[in-house]
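First comes the structure, then the notes that go with it.
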Amino acid sequence: MKQKYIKPTGMVAFIAYMQMFAPLSIDLYLPALPKMAEVFSASEFLVNLTLAGFFLVFAVGIILFGPLADKYGRRKVLLAAPYIATCPSRPSSTSMNSTSRRRRIASIMP
């Protein structure tokens, strides 16, 4: 079946981008682990649990999205996956804690 919206080269680029997500995330995350433990005053064990959680969620995602791709088609699942992944972070990105409030007020005041 021929794609109407995404050309074959675009689909290959999108799949390649999605395959690069996990290794890139790990490469960016691992060097920050010691600093995260220091900033959050957490033990190394607790900080390492976040890495284990990442791998667990990534594995469950593969197990979940594989059958969905078989049932609904890869295109629909590939286009919906980034949306589903970013939706939980929306509330935290738009919330304002006291520090960000002070920074915004300070940037407005002369």
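Readers should treat all values here as calculations from the given coordinates under stated rules, not as data from a laboratory. All figures in this text were calculated on a predicted structure; none of them were measured in a lab. FYI the Cβ positions are ideal-geometry reconstructions off the backbone, even for glycines, and counts take in every protein chain you see.
A Förster radius of 25 Å, combined with the Cβ-Cβ distance separating residue 7 from residue 72, puts the computed FRET efficiency at roughly 0.75. Note on residue 18/residue 41: beta-carbon distance plugged into 1/(1 + (r/R0)^6) with R0 of 35 Å gives a FRET efficiency of 0.50. Considering the range 19-94 at the alpha-carbon level, its Rg and Dmax are found to be 15.3, 45 Å. Listed by chain and number, the lysines whose C-alpha is less than 16 Å from the C-alpha of residue 4, apart from same-chain residues fewer than 8 away, are 76.
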